[in-house]
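Down below is the structure, laid out as structure tokens.
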Amino acid sequence: MKKDFFSDRARVIGISIVTILVLSSFALLSLTLIQNGRVSQGGLMVIITGVLVIFAIKMLKDQYEHTKDGFPVEDEMSKKVRMKAMSWAFLAGIYWLLALGWYDNLATDFYGASPFRDPSQATGAGILGMAVMFGIFWAYFNWKGNIE
Amino acid sequence: MRTRIKELRARYNMTQEDLAHRVGVRRETIVFLEKGKYSPSLDLAYKVAREFKATIEEVFVFQEK
């Protein structure tokens, strides 16, 4: 039991560090975009970062409280919820990438230039979209609960 | 899936937290189990039934969809 407590605590600390690093990167990217005059894209990033920060604070608070009260950070239901949210985010992510491709083609035809600066930015938009979808699906399945 | 967990908890004077601690899951999982919104694994169903000194069939009532 003691070993579980320490491994759970280490896990919460690890997740907190990774979350802070990822969110700091998003915040820096938002500021860079705004400084470069891309206010709408920067603003959108600020909103997305804000939503992710709220999710992260709630998730980390829950995990910390579970560890403190001696409950496992993760059990069979939370694992099932996470797996289902991941699979749905992956499936929806395929359509998201397809939509980004269409958006790129349409914008290039319409404005004569791609909306993405380079392929890495398009890839970043794809990954960010999947991450946001994972968060939404995770929250939905956690609320719904009826996981088979 | 309908369950008799709430009734059995009351009989054994056990809180949701107590049961969660005993079977090694989070309290939320017990809440969802009681509401019949989560179908547990055989392993968890067995552990819950064991806490109430009952069989799985006595705790979990299967309902055809």
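Read-outs throughout are calculated quantities, based only on the coordinates presented, and are distinct from any laboratory measurement. Everything numeric here is computed off the predicted structure, so don't read it as measured data. Using ideal geometry, Cβ is built from the backbone for each residue, glycine included, and neighbour counts are taken over all protein chains shown.
Dividing the summed -39500 (n - 2.57) terms of all DSSP H runs of n ≥ 4 by the residue count of the protein assembly as shown sets its mean residue ellipticity at 222 nm at -26000 deg cm²/dmol. For the range B:50-59, putting each phi into the Karplus relation 6.51 cos²θ - 1.76 cosθ + 1.60 with θ = phi - 60° gives couplings of 4, 4, 9, 6, 10, 8, 4, 4, 6, 9 Hz, in residue order, rounded to whole numbers and with x for Gly and Pro. Restricting the calculation to Cα atoms, chain B shows an Rg/Rh of 0.91 when the hydrodynamic-style radius is the Kirkwood one. Remark: relative contact order (chain A) = 24 percent; criterion is Cα-Cα distance under 8 angstrom and separation of 6 or more residues. For the range A:45-148, a crude dipole built from +1 on the beta carbon of Lys and Arg and -1 on the beta carbon of Asp and Glu, taken about the Cα centre, is about 140 debye to the nearest 20. Between B:Arg50 and A:Trp143, the simple spin-label model (points 7 angstrom out along Cα→Cβ) gives 3.7 nm. 3J(HN,Hα) along the range B:9-22: 4, 4, 5, 8, 6, 10, 8, 4, 4, 4, 5, 4, 4, 5 Hz, from the Karplus curve 6.51 cos²θ - 1.76 cosθ + 1.60 with θ = phi - 60°, whole Hz, x for Gly and Pro.
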